[in-house]
Amino acid sequence: MQNWVLVLIVLVVVVLAVALFIAFLRDKSIKNRIKEKEPKVPNAQELLELLKDKANDLNKLTQYSNLAYTHYAQYMGEISDFDLEFIAILTSHKSVNAKLILEAERHFKQLNPERKALLEKALNVGLKHR
């Protein structure tokens, strides 16, 4: 009788251990799938390269602009003239409209007011390349 109780306890412990192991593996694979689905934020150079693509439509340009505003401090740390390059490339793009250009210029001027004159020069450079 005691042997059966002991065997039953061992079986229950083994089943619980297997169930916990399977639950741990599933949880880890779910977290990996979630990480894979999260879009990767490009670094400053990658964002400028993406912006240069002539196939971009206004929607893509808006998305890239929003990334630039959100990660402004990081991008300025990577490339000291990121904002100037961004404005010049954005302004010269064939799919951009005046509203997006003015919005980008306004955002960058708000984020770094000391660079107003430089941003206006970059805007003029971009307009000349159109």
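The values are calculated or read from the model by the stated rules, or taken from the named source; none is laboratory data. All values derive from a computational prediction rather than experimental measurement. Note that each Cβ is placed from the backbone with ideal geometry, even for glycine, and that neighbours are counted across all protein chains shown. With ligands, DNA and RNA removed, areas are computed over all heavy atoms of the protein, side chains included. Shrake-Rupley method; radii C 1.70, N 1.55, O 1.52, S 1.80 Å.
How big is the Cα convex hull of the chain in projection, averaged over all directions, in nm²?
11.9
What's the carbon and sulfur percent of the chain's accessible surface, probe 1.4 angstrom, rounded to a whole number?
63
With just the Cα atoms of the stretch 37-109, tell me how far they stretch along each of the three principal axes, in Å, largest first.
For the stretch 37-109, the Cα extents along the three principal axes come out at 32, 27, 16 Å.
DSSP H helices in the chain with Cα extent of 27 Å or more along the helix axis and mean Kyte-Doolittle hydropathy at least 0.5?
2-37
Extension gain Lys40-Asp53, at 0.36 nm per residue separation less the Cα-Cα distance, in nm?
2.9 nm
Accessible area per residue for the chain in Å², computed with a 1.4 Å probe and the full protein assembly in place, what is it?
Accessible surface, normalised per residue, equals 70 Å².
Between Ala17 and Arg130, what length in nm is gained on full extension when 0.36 nm per residue of separation is reduced by their alpha carbon distance?
34.0 nm
Using only the alpha-carbon atoms, what does the stretch 71-130 span along each of its principal axes? Please give whole angstrom values in decreasing order.
For the stretch 71-130, the Cα spread along each principal axis is 28, 19, 19 Å.
Run the count for the chain, please: Lys pairs, Cα-Cα under 16 angstrom, 8 or more apart or on different chains.
Lysine pairs meeting the criterion: 12.
With Cβ to Cβ distances under 13 Å as the rule, what net charge do the other residues near Lys116 carry (K, R +1; D, E -1)?
With Lys, Arg at +1 and Asp, Glu at -1, the neighbours total 0.
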